[in-house]
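Visitor: Before I ask anything, let me first share the structure, which is written out below as structure tokens.
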Amino acid sequence: MATATTSKELKEAINGKLSRYFGVSLAEATKEQIYKAVVMTVRDILLEKRNAFHYKTKAAKGKRVYYLCMEVLLGRSLKNNVYNLGIGDALTGALGATGVTLDELYESEPDAGLGNGGLGRLAACFMDALATGNYPAMGYSIRYEYGLFKQKIVDGWQTELPDVWLPGGEVWLTQRSDMTVRVKFDGKVEEKWTENGMKASLENCTEVEAIPYDMMISGKDSDAVSVLRLWAAKSVRNFDMNSFSEGDYMRCMQEDNEAELISKVLYPSDNHSEGKSLRLKQQYFLVSATLQNIVNEHVRRYGDLHTLPDKAAIHINDTHPALCIPELMRILMDEHGFGWDEAWDIVKKTVAYTNHTVMSEALEKWNEDLIERRLPRIYAIIKEINQRFCAEMWNKFTGDWDKIERMSILSHGVVRMANLSVVGSKSVNGVSALHSEIIKNSIFKDFHDAYPDMFTNVTNGIAHRRWLCQSNVELTELLKECIGDGFIKDASVLSRFKDFANDKTVLMKMSEIKRLKKEQLCSYILSDMGIKVDPDSLFDVQAKRLHEYKRQLLNAMHIIRIYNALKEDPDLEMQPKTFIFAAKAAPGYYMAKRIIKLICSLSEDLRKNPNAKIRNKLSVVYLENYSVTMAERLMPASEISEQISTAGKEASGTGNMKFMINGAITVGTLDGANVEMKEQVGDDNIFIFGMTAREVEDMWKHGYDATAFYNNNPVLQSVIASLKAGFNGESFADMANYLLTGSPVADPYMCMADFNSYLDIHKKADEVYADKEKWNKMAVYNVAGSGYFSADRSIKEYAEKIWDLKSIR
Ligand code: 26W
């Protein structure tokens, strides 16, 4: 079948799907049936494209990249694929008289929320950029049955509900039973002498089937299609007849459930490792299934595994898939007869690692006995890797026991996954210039001393076609009028928009577009949450995971400050403001949930304030259930983007880039990619405040004295007093204590230290906002400066600097 791309062909194809799968014609079909038929049709186009690209890659004997990640936060797919394939008009034509529009179909798609936040969304943006750059790429993750929980706010508290995405999302997945593999857990290592030396195998182990489901991701006007392979766990069901004869039917069924639990649900913590056995199983499940798949395909194609490093780059996205290092060793040695040195050489030339966080609670450490029990062969290999590595370090740093101890993979009964990742990789990179420097001087200092050349930086980027072209059509049209459409494929072209910074008509249009996007957001908030928002107010937005280090609390303190000023003088002249928050908290993270409660109470308190003068000038909105799709509505409508983490803590941030490309102005610390954003737009087009990473370090080292800030600052005193007095009938004395006295625990993110500087920068932002032309000019510079933060650029850097990967043309 030739690829359908005209209206007529698409209509025929959709009709075919409807009659074959649902027994209805286009005229009779429900919206849901049409949605599914359209997706199946698009999927066919992608499959055909992928096959053609596959063929080309094979002919060129091209190297491939394999990107391993425990999370992929895809959001919706239909709009993105239709856009990238350029078949929107044809599809609209095909839908013709059905009465169902393409937009309605887009809206009916559930988000694939198979990720928590930045890490997972980055993986999704990268799949897009890889395809657009014509790189042969496969992403690997888990086909969780339940994605990130749905957030429901009840009386200001977050509650969690399961996210059932498969019924609407499954239609994107193509089951590849032919590539099913088995993953082994538990058991005992048996070593046997064979002709090829000692061979280890696992006896009495538990086996789980890993079934791959493929999802295609189209590039923009390119030949390549990225394949995302998601593994689902299935019980092997070789029923234990003994237990059946004993009538232990229920036990059998329970074992079934245990196997399938592995791919049941995404762990909802972000930047916090829990050390749970099921999570370890998930990680090994992903890693083992993926490596078996990569190795099988390589052997099928090339017959010999010695060439693996020339044909495959295996990338581990944070330490979560780090077990791929011992797993590749296992496969090479136990299944393909390689000796240790040969196998290690291949691993070290193939695997590369990206670090995404320096937060100590996020650094994964598994109990040795857990790994030993669950993965005995892997444990033995890790021990051997460690022994050899420590011996090597002993030669390099003879006598420096402390250093060697710090670098050791095994220590005090735990396996340090970050150390394993560095030891087994050819390259380690951070995700922004600042972060890449910090890891060299902090968590990986010893490794950097030993192998300085291993370390590099690749600053994150975003799929600018999704975050600009698809979610802000109006701004995209304006850009096309001004600078042509070259930026769609090459985001660096956006810099030409600078030339329009003094063009009054363009500045006017910028402001009209922002206004329109704000109105659209307002109607969405009204219809979805029943909350009325004033589009004439300034939209000041903080949207990201809820975490102490991201300092939503500092934002709340600023709002309390304004509230207090208004209570004192309701006639205070000020630009009316709406502070918008969107964030999910890890279910077990009490402090994060408490911050949500504070924001919601503040919001209610303001809503109930009897004085309309106050109400009209200040409001707070907490958007429930933040998701990729919500972000696509939110970013284009934002005017101020809050990127206010304690400097040194946010590895990069990618939300910051999404706001920027939509013309929002950043209020931010010199943290993560904010530093480079400032370089791109110039000091005058970003609002920077607060301590630098070095100042933060110093202050923490020399003792952070919150009370000193409090004693010298009456404004801070009034904010603390208000927290104690409370909002909407509830005291937040606990938060006041947290900020002030370090009780019950100290605020390690030092909100009090940056408070003054934060107020000052907001004052400055207010002044500029009053001068609309100046503000719009800043917005122009931000859009123009955002081109660097395209994922296309990030991927090109990975391909050149780390993977040695060529695009196939
Ligand atoms: C094991 C628990 C756990 C889960 C997720 C630990 C750590 C993570 C992630 C690495 C956290 C994360 O998403 N980090 C974010 O990665 C983004 C993409 O590089 C960066 O932009 C963010 O700054 C960083 O917080």
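The values are calculated or read from the model by the stated rules, or taken from the named source; none is laboratory data. These numbers come from a predicted model, not from an experiment. Don't worry about glycine lacking a Cβ; one is built from the backbone with ideal geometry, like all the others, and counts go over all protein chains shown.
Visitor: Within the stretch 176-190, can you find the residues that are surrounded by 13 or more Cβ atoms within 10 Å (Cβ to Cβ) and out of contact with any Pro (no Cβ under 9 Å at 6 or more places or on another chain)? Step through it out loud before you land on a result.
Guide: Start the filter on the stretch 176-190 by keeping residues that are surrounded by 13 or more Cβ atoms within 10 Å (Cβ to Cβ), which leaves 176, 179-187, 189.
Across the stretch 176-190, the qualifying residues are R182, V183, K184, F185.
Visitor: Could you list, ordered by first residue, the pairs with Cβ atoms under 8 Å in which the first is in the stretch 349-370 and under 24 Å from E437 (Cβ atoms) and in contact (Cβ under 8 Å) with a residue 12 or more places away in the chain and the second is near the ligand (Cβ under 10 Å from one of its atoms) and among the aromatic types (F, W, Y), at least 6 apart or interchain?
Guide: Short answer, once both residue conditions are applied: M359/Y549.
Visitor: A follow-up question, please. Mind checking whether some residue in the stretch 352-372 is aromatic (F, W, Y), closer than 28 Å to S807 by Cα and out of contact with any helix residue (DSSP H, G or I) (no Cβ under 6 Å at 6 or more places or on another chain)?
Guide: Here is the first cut: in the stretch 352-372, the residues aromatic (F, W, Y) are 353, 366.
Retained after the next criterion (residues that are closer than 28 Å to S807 by Cα): 353.
From what is left, the residues that are out of contact with any helix residue (DSSP H, G or I) (no Cβ under 6 Å at 6 or more places or on another chain) are none.
There is no residue in the stretch 352-372 that is aromatic (F, W, Y), closer than 28 Å to S807 by Cα and out of contact with any helix residue (DSSP H, G or I) (no Cβ under 6 Å at 6 or more places or on another chain).
Visitor: If R388 satisfies all but one of (1) in a helix (DSSP H, G or I); (2) surrounded by 20 or more Cβ atoms within 10 Å (Cβ to Cβ), what's the number of the condition it fails?
Guide: (2)
Visitor: Can you list residue pairs whose Cβ atoms sit under 8 Å apart, with the first residue in the stretch 531-549 being farther than 16 Å from Y749 by Cα and the second being in a loop (DSSP other than H, G, I, E, B) and among the β-branched types (V, I, T)? Count only pairs 6 or more apart in sequence or on different chains.
Guide: Going by the 8 Å Cβ cut-off, the qualifying pairs are Q542/I644.
Visitor: Just to be sure before I move on: is K658 modelled with pLDDT of 95 or more and outside any loop (DSSP other than H, G, I, E, B) in the structure I sent? Full working, then the answer.
Guide: Working: modelled with pLDDT of 95 or more: yes; outside any loop (DSSP other than H, G, I, E, B): yes.
Yes.
Visitor: Looking only at residues that are in a loop (DSSP other than H, G, I, E, B) and in contact with a Gly (Cβ under 8 Å, 6 or more places away or on another chain) in the stretch 171-219, which one is nearest to H336 (Cα to Cα)?
Guide: Filtering the stretch 171-219 for residues that are in a loop (DSSP other than H, G, I, E, B) and in contact with a Gly (Cβ under 8 Å, 6 or more places away or on another chain), the one nearest to H336 (Cα to Cα) comes out as N196.
Visitor: From the set of residues in the stretch 42-68 that are among the basic types (K, R) and over 28 Å from the mean Cα position of the chain (by Cα), which is farthest from E12 (Cα to Cα)? Before the answer, list the steps.
Guide: Start the filter on the stretch 42-68 by keeping residues that are among the basic types (K, R), which leaves 43, 49-50, 56, 58, 61, 63-64.
Within this subset, residues satisfying the condition of being over 28 Å from the mean Cα position of the chain (by Cα) are 56, 58, 61.
Working: K56: 29, K58: 32, K61: 37 Å.
Ranking the qualifying residues of the stretch 42-68, first place goes to K61.
Visitor: Checking the structure you have, find out if any residue of the stretch 48-61 is more than 16 Å from the ligand (Cβ to nearest atom), in a strand (DSSP E or B) and either at pLDDT 95 or above or touching a Lys or Arg at 6+ places or on another chain (Cβ under 7 Å) (or both). Let's see the steps before the verdict.
Guide: Looking only at the stretch 48-61, we keep the residues that are more than 16 Å from the ligand (Cβ to nearest atom), and these are 48-61.
Remaining after also requiring in a strand (DSSP E or B): none.
For the stretch 48-61, residues more than 16 Å from the ligand (Cβ to nearest atom), in a strand (DSSP E or B) and either at pLDDT 95 or above or touching a Lys or Arg at 6+ places or on another chain (Cβ under 7 Å) (or both): absent.
Visitor: Separate question: Just name the residue that is surrounded by the fewest Cβ atoms within 10 Å (Cβ to Cβ) out of those in the stretch 306-324 that are touching a His at 6+ places or on another chain (Cβ under 7 Å) and part of a helix (DSSP H, G or I).
Guide: Looking at residues that are touching a His at 6+ places or on another chain (Cβ under 7 Å) and part of a helix (DSSP H, G or I), I get K311.
Visitor: While we're on this one: Can we say Y146 is more than 16 Å from the ligand (Cβ to nearest atom), within 30 Å of E800 (Cβ to Cβ) and either modelled with pLDDT under 95 or of a type in the set (S, T, Y) (or both)?
Guide: Values: more than 16 Å from the ligand (Cβ to nearest atom): yes; within 30 Å of E800 (Cβ to Cβ): no; either modelled with pLDDT under 95 or of a type in the set (S, T, Y) (or both): yes.
No; evaluated as a whole, the condition is false for this residue.
Visitor: Which condition number in (1) in contact with a Phe, Trp or Tyr (Cβ under 7 Å, 6 or more places away or on another chain); (2) more than 20 Å from L323 (Cα to Cα); (3) β-branched (V, I, T); (4) within 16 Å of the ligand (Cβ to nearest atom) is the one that V431 fails?
Guide: Condition not satisfied by V431: (1).
Visitor: Among the listed residues K509, K514, K504, K489, which satisfies the condition of being touching a residue at least 24 places away in the same chain (Cβ under 8 Å), over 21 Å from G787 (Cα atoms) and of a type in the set (D, E, K, R)? Before the answer, list the steps.
Guide: Numbers: K509 fails: over 21 Å from G787 (Cα atoms); K514 fails: over 21 Å from G787 (Cα atoms); K489 fails: over 21 Å from G787 (Cα atoms).
Being touching a residue at least 24 places away in the same chain (Cβ under 8 Å), over 21 Å from G787 (Cα atoms) and of a type in the set (D, E, K, R) holds for just one of K509, K514, K504, K489, which is K504.
Visitor: Could we say that L266 is within 16 Å of the ligand (Cβ to nearest atom), closer than 24 Å to C69 by Cβ and either among the hydrophobic types (A, V, I, L, M, F, W, C) or in contact with an Asp or Glu (Cβ under 8 Å, 6 or more places away or on another chain) (or both) here? I'd like the intermediate steps shown before the answer.
Guide: Numbers: within 16 Å of the ligand (Cβ to nearest atom): yes; closer than 24 Å to C69 by Cβ: yes; either among the hydrophobic types (A, V, I, L, M, F, W, C) or in contact with an Asp or Glu (Cβ under 8 Å, 6 or more places away or on another chain) (or both): yes.
Yes.
Visitor: Still on this structure, please answer the following. Please enumerate the residues belonging to the stretch 363-373 that are surrounded by fewer than 20 Cβ atoms within 10 Å (Cβ to Cβ) and part of a helix (DSSP H, G or I). Talk me through it step by step, then tell me what you get.
Guide: Kept after step one, since they are surrounded by fewer than 20 Cβ atoms within 10 Å (Cβ to Cβ), are these residues of the stretch 363-373: 363, 365, 367-370, 372-373.
Answer for the stretch 363-373, where residues must be surrounded by fewer than 20 Cβ atoms within 10 Å (Cβ to Cβ) and part of a helix (DSSP H, G or I): E368, D369, L370, E372, R373.
Visitor: Can you name the number of the only condition in (1) of a type in the set (A, V, I, L, M, F, W, C); (2) more than 25 Å from A313 (Cα to Cα); (3) out of contact with any strand residue (DSSP E or B) (no Cβ under 9 Å at 6 or more places or on another chain) that I371 fails?
Guide: (3)
Visitor: (1) buried (at least 22 other Cβ atoms within 10 Å of the Cβ); (2) over 20 Å from M735 (Cβ atoms): which one isn't true of P570, the others all being true?
Guide: Result: P570 passes all but (1).
Visitor: Here's a follow-up. Given the options E327, E335, name the one that is among the acidic types (D, E), surrounded by fewer than 16 Cβ atoms within 10 Å (Cβ to Cβ) and at pLDDT 95 or above.
Guide: On the way: E327 fails: surrounded by fewer than 16 Cβ atoms within 10 Å (Cβ to Cβ).
Only one candidate passes the filter, namely E335.
Visitor: Go through (1) of a type in the set (A, V, I, L, M); (2) buried (at least 24 other Cβ atoms within 10 Å of the Cβ); (3) assigned to a loop (DSSP other than H, G, I, E, B) for V100 and report which single condition fails.
Guide: (2)
Visitor: Can I ask one more? Does any residue of the stretch 622-633 turn out to be part of a loop (DSSP other than H, G, I, E, B), among the β-branched types (V, I, T) and in contact with a helix residue (DSSP H, G or I) (Cβ under 8 Å, 6 or more places away or on another chain)? It would help to see each step written out before you state the result.
Guide: From the stretch 622-633, those part of a loop (DSSP other than H, G, I, E, B) are 624-627; that's our starting set.
With among the β-branched types (V, I, T) added as a condition, the list becomes none.
Within the stretch 622-633, not a single residue is part of a loop (DSSP other than H, G, I, E, B), among the β-branched types (V, I, T) and in contact with a helix residue (DSSP H, G or I) (Cβ under 8 Å, 6 or more places away or on another chain).
Visitor: Return the pairs, sorted by first residue and then second, in which the second residue is in a loop (DSSP other than H, G, I, E, B) and more than 16 Å from the ligand (Cβ to nearest atom), the first residue lies in the stretch 257-272 and is closer than 25 Å to E361 by Cβ, the beta carbons are less than 9 Å apart, and the residues are 6+ apart or on different chains.
Guide: As it stands, the answer is K264/E145; V265/E145; V265/P162; V265/D163; L266/D163, since those pairs meet every condition given.
Visitor: Within the stretch 81-112, how many residues turn out to be touching a strand residue (DSSP E or B) at 6+ places or on another chain (Cβ under 8 Å) and either under 15 Å from I34 (Cβ atoms) or of a type in the set (A, V, I, L, M) (or both)?
Guide: Looking only at that region, the number is 2.
Quick grid of which residues meet (1) in a helix (DSSP H, G or I); (2) modelled with pLDDT under 95; (3) within 26 Å of the chain's Cα centre (by Cα); (4) of a type outside the set (A, V, I, L, M):
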| site | (1), (2), (3), (4) |
| --- | --- |
| I439 | yes, no, yes, no |
| I443 | no, no, yes, no |
| T456 | no, no, yes, yes |
| L475 | yes, no, yes, no |
| L478 | yes, no, no, no |
| S492 | yes, no, yes, yes |
| K498 | yes, no, no, yes |
| M508 | yes, no, no, no |
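Visitor: Please state which one of G120, G139, G115, G133 is within 16 Å of the ligand (Cβ to nearest atom) and in contact with a helix residue (DSSP H, G or I) (Cβ under 6 Å, 6 or more places away or on another chain). I'd like the intermediate steps shown before the answer.
Guide: Numbers: G120 fails: in contact with a helix residue (DSSP H, G or I) (Cβ under 6 Å, 6 or more places away or on another chain); G115 fails: in contact with a helix residue (DSSP H, G or I) (Cβ under 6 Å, 6 or more places away or on another chain); G133 fails: within 16 Å of the ligand (Cβ to nearest atom).
After applying the criteria, what remains is G139.
Visitor: Of all residues in the stretch 342-362, which are part of a strand (DSSP E or B) and within 16 Å of the ligand (Cβ to nearest atom)?
Guide: First, the residues of the stretch 342-362 that are part of a strand (DSSP E or B): 351-354.
The answer is A352, Y353, T354.
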